[in-house]
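Only the coordinates and a few stated rules stand behind these numbers; no lab work does. Keep in mind that what you see is a predicted model, and the values were worked out from it rather than measured. Cβ: placed from backbone, ideal geometry, glycine included. Neighbour counts: every protein chain shown.
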Amino acid sequence: MSYFMYDLMGETHDEPDAEAMRRVLDGLAEADDEHPDVSLSHESGWCLSAFTGGLLVWENTDNGSPAPGKMHKVSREEVLRLFGLLAAGDITTVEEQPWQR
């Protein structure tokens with residue numbers, strides 16, 4: 001199973017461990033209008049994008065369906081938990097979250 005992350009500046013991190021995910025997420029402290037998010041993408045096409053303020057977006061970037069889901073005010077620890085689930089390929093558990101579509 002393959003996954004990767006984009007940091008705030010768009011640099012790719014292949015299969016980061018939990019500590020590397022934390023460091024990438026910490027980069028959100030420097031977010032601006034041009035670089036607003038970090039993301040984790042799974043080989044299946046599913047992606048989680050985290051923004052400052054706790055916005056989390058869930059979407060399939062390969063096929064575009066279903067409509068992207070959003071959650072607001074998601075804690076840092078919950079984002080990391082969901083990143084870990086997606087990295088492990090547990091799409092079902094991530095999809096079962098209370099996404100607003």
Mean-square fluctuation maximum in Gaussian network of the chain, Cα pairs under 10 Å, restricted to 49, 41, 75, hits 75
Under 19 Å by backbone N from the virtual spin label 7 Å along Cα-to-Cβ at residue 62, the residues of the range 74-101 are 83-96
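How much length is gained on full extension from residue 70 to residue 9, taking 0.36 nm per residue of separation minus their Cα-Cα distance?
Numbers: separation 61, 0.36 × 61 = 21.96 nm, distance 2.22 nm.
Between residue 70 and residue 9, full extension yields 19.7 nm more.
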Stokes-Einstein, Kirkwood over Cα pairs, the chain, 10 °C, 1.306 mPa s; D in µm²/s equals 119
When the chain is treated as a Gaussian network with springs between alpha carbons less than 10 Å apart, the largest mean-square fluctuation among 26, 62, 90 is found at 62
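If r is the Cβ-Cβ distance from residue 32 to residue 78 and R0 is 22 Å, what FRET efficiency results, to the nearest 0.05? Can you show the working numbers first?
Values: r = 24 Å, r/R0 = 1.08.
Taking R0 as 22 Å, the efficiency between residue 32 and residue 78 is 0.40.
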Over the chain, the sum of -39500 (n - 2.57) across DSSP H runs of at least four, divided by residue number and rounded to 500 deg cm²/dmol, gives at 222 nm -7000 deg cm²/dmol
